[in-house]
Amino acid sequence: MRTCLAIILAAGEGTRMRSRKPKVLHELAGKPLVVHVLDAVKAAGGTAVAVVVGPDHEAVSVEAKRQVPDAQSFVQRERRGTGHAVLAARDAIARGYDDILVIFADTPLIQADTLARLRAALADGAAVAVLGFRAKDPKGYGRLIVKGGLLTAIREELDASEAERAIDFCNGGLMALAGNSALAILERIDSNNRKNEFYLTDAVAIAGALGLKAVAVETQEDDVRGINNKAQLAETEAILQQRLRQAALEAGVTLVAPDTVFLSSDTTFGRDVTVEPYVIFGPGVTVEDDAVIRSFSHLAGAHVGKGSIVGPYARLRPGATLGEGAHIGNFVEVKEAQIGAGAKANHLTYIGDATIGAGSNIGAGTITCNYDGFAKHRTEIGANVFIGSNSALVAPVKIGDGAYVGSGSVITDAVPPDSLALGRGRQAVKEGWAKRLRDSRPAKKK
């Protein structure tokens, strides 16, 4: 098995993002740009990762290590071009990997099979493989000069002849180098150019001068789409959402109005799931077979059991787990709670830090009062419990199997199984009071 070092270039400032957050930590479909790239690297068989960051971008290194614990981090202290950035990871390159992948951290749509094709070109004898695409409008891109099946140069537009500018095969920026010749090529890159910088693109001509083979591998333009500002971030989000929706549809999910549904990259669906219009899936959501997610619901960090119904207008927050056939209805919020099989909370309810047993019914307006101003506490509701409407369950509290809680109750103590609990003031009726009030009004007006 060939070993592979992926060098992730994340040193760009991203000042056009107008944000204090490093550019590559902005999110698409629920996860940072750099994590999308790292996921593609792992899926393509990457065995090691080196992340090149700029000064004061320690947060990027931390995120990379969170995803790939043994990822190495290197700092490019001076911004002197892409070739200079790659050589910041010289120590990692020198360890002798078979393949070296160079990937920009702001190209989140790169796919694992594309990286695998770059690696395949190295396995086939190339010393350098460059990812290229056919541009509708090639203006501003470097052109890939291919002769006899070999890549001979990457020509920047300013340096290109009129004939070369007519070429629509453009440099996507990503490159693979054979490990046994990578340093020999990279160390020959000089800064003899207009900007006095070290350009990674020079690796192609250098490989040719050394008698080594360079090739171009073609992909779609979206694969290498980079992000430099919030407008491009939004455009890329739209492309990724279309990919995720298409994948869900092909997997058999019914999306009633696909363009209105927003998915995270890790959203998981079972068979015969139906998603109505205007639903948002945040990170960490699993929806099992035959479930229905109704319109205007928002789910994040939640597990929806088989045959469950969620919404409309429901919110499932992290830690919400619904058993088979559970119902969470309109304007119901669930957080860090387990809802048993067949249990229902259909209207205007908050369930937080709770366990609800199978078959229980939670009436409209019920609240689990889980926070005392200092700490969270749990509410435990058994199986086949009936909670009357407009009840407040003050945690920590336990309600036994089969118990009833009368409507409008405030429950602060444990309720034994099969009991009725009432926690409200006694009703008082004053007969004739309303008539006397009405009769007195004319006299007061006079």
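The values are calculated or read from the model by the stated rules, or taken from the named source; none is laboratory data. No experiment lies behind these values; they were computed from the predicted model shown. Reconstructed Cβ throughout: ideal geometry from the backbone, glycine too, with neighbour counts over all protein chains shown.
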Determine which member of the set VAL102, VAL130, VAL86 is assigned to a helix (DSSP H, G or I), buried (at least 23 other Cβ atoms within 10 Å of the Cβ) and under 29 Å from the mean Cα position of the chain (by Cα). VAL86
If we scan the range 212-219, do we find a residue that is farther than 29 Å from GLY307 by Cβ, assigned to a loop (DSSP other than H, G, I, E, B) and without any contact (Cβ under 8 Å) to a residue 60 or more places away in the chain? no
Which listed residue is assigned by TED's automatic domain parsing to the domain that holds ALA203, among the hydroxyl-bearing types (Ser, Thr, Tyr) and closer than 24 Å to ALA203 by Cβ, from SER61, SER73: SER73
Kindly indicate whether ALA92 is in a helix (DSSP H, G or I), in contact (Cβ under 8 Å) with a residue 40 or more places away in the chain and among the small types (Gly, Ala, Ser). yes
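Kindly indicate which of SER181, SER191 is more than 23 Å from LEU5 (Cα to Cα) and not assigned by TED's automatic domain parsing to the domain that holds VAL279.
Step by step, each of SER181, SER191 is checked, and only SER191 is more than 23 Å from LEU5 (Cα to Cα) and not assigned by TED's automatic domain parsing to the domain that holds VAL279.
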Residue list for the range 279-292, filter: crowded, with 22+ Cβ neighbours inside 10 Å and closer than 17 Å to ASP266 by Cα: VAL279, PHE281, VAL285, VAL287
Matching residues in the range 236-276 - criterion: being within 19 Å of VAL35 (Cα to Cα) and in contact with a Lys or Arg (Cβ under 8 Å, 6 or more places away or on another chain): THR236, ILE239, LEU263, SER264, SER265, ASP266
So ARG165, is it assigned by TED's automatic domain parsing to the domain that holds VAL86, basic (Lys, Arg) and over 21 Å from ALA88 (Cβ atoms): yes
Answer from ASN390, ASN361 - the residue that is in contact with a strand residue (DSSP E or B) (Cβ under 8 Å, 6 or more places away or on another chain), surrounded by fewer than 20 Cβ atoms within 10 Å (Cβ to Cβ), assigned by TED's automatic domain parsing to the domain that holds PRO416 and among the polar types (S, T, N, Q): ASN361
What pairs come up if the first residue lies in the range 69-80 and is within 13 Å of PRO55 (Cα to Cα) and surrounded by 12 or more Cβ atoms within 10 Å (Cβ to Cβ), the second is at pLDDT 90 or above and polar (S, T, N, Q), and their beta carbons are under 7 Å apart, counting only those six or more places apart or on different chains? SER73/SER61
Filtering the range 387-402 down to residues that are within 19 Å of HIS377 (Cβ to Cβ), in a loop (DSSP other than H, G, I, E, B) and either more than 41 Å from the chain's Cα centre (by Cα) or free of Cβ contacts under 8 Å to residues at least 40 places away in the same chain (or both) yields SER391, PRO396, GLY400
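In the range 264-281, how many are assigned to a loop (DSSP other than H, G, I, E, B) and within 20 Å of GLU324 (Cα to Cα)?
Selection size over the range 264-281: 6.
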Please go through the range 308-330 and pick out each residue that is part of a loop (DSSP other than H, G, I, E, B) and either crowded, with 24+ Cβ neighbours inside 10 Å or touching a residue at least 60 places away in the same chain (Cβ under 8 Å) (or both). SER308, GLY311, ALA314, ALA320, ALA326
Any residue in the range 46-64 that is of a type in the set (A, V, I, L, M, F, W, C), over 19 Å from the mean Cα position of the chain (by Cα), closer than 20 Å to ILE100 by Cβ and in a loop (DSSP other than H, G, I, E, B)? no
